[in-house]
């Protein structure tokens, strides 16, 4: 799955606040209802949103976790958001 990156400028500290090199989105794989994260990642807040933008699932993905199992009751296309501090990573998944 490919994730795009954006930052919330309203939450940036005084000064530039951006790293010298662009932040790279996390590498996440989807197999059935299991999201797999590469090891050595920071904590994320995970949001799954339906086509109307309503959050249908949320959880914290701790840096020690490499997998998150999504509810099997979800079916269809969803937006996935991973929030890390001031950074937002978004993409789309089909369940």
* Asked: From a point 7 Å beyond the Cα of residue 29 in the direction of its Cβ, which residues of region 50-72 have a backbone N at a distance under 12 Å?
  -> 67
* Between residue 54 and residue 72, how many nm apart are label points set 7 Å from Cα along the C-beta direction? -> 2.4 nm
* Between residue 39 and residue 2, what is the spin-label point distance in nm, taking each point 7 Å from the Cα along the Cα→C-beta axis? -> 2.9 nm
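Rule-based calculations on the coordinates, nothing more; no lab input. What you see is a predicted model, and the numbers here were worked out from it, not measured in a lab. Here the Cβ is made from the backbone with ideal geometry for all residues, glycine too, and neighbour counts use every protein chain on show.
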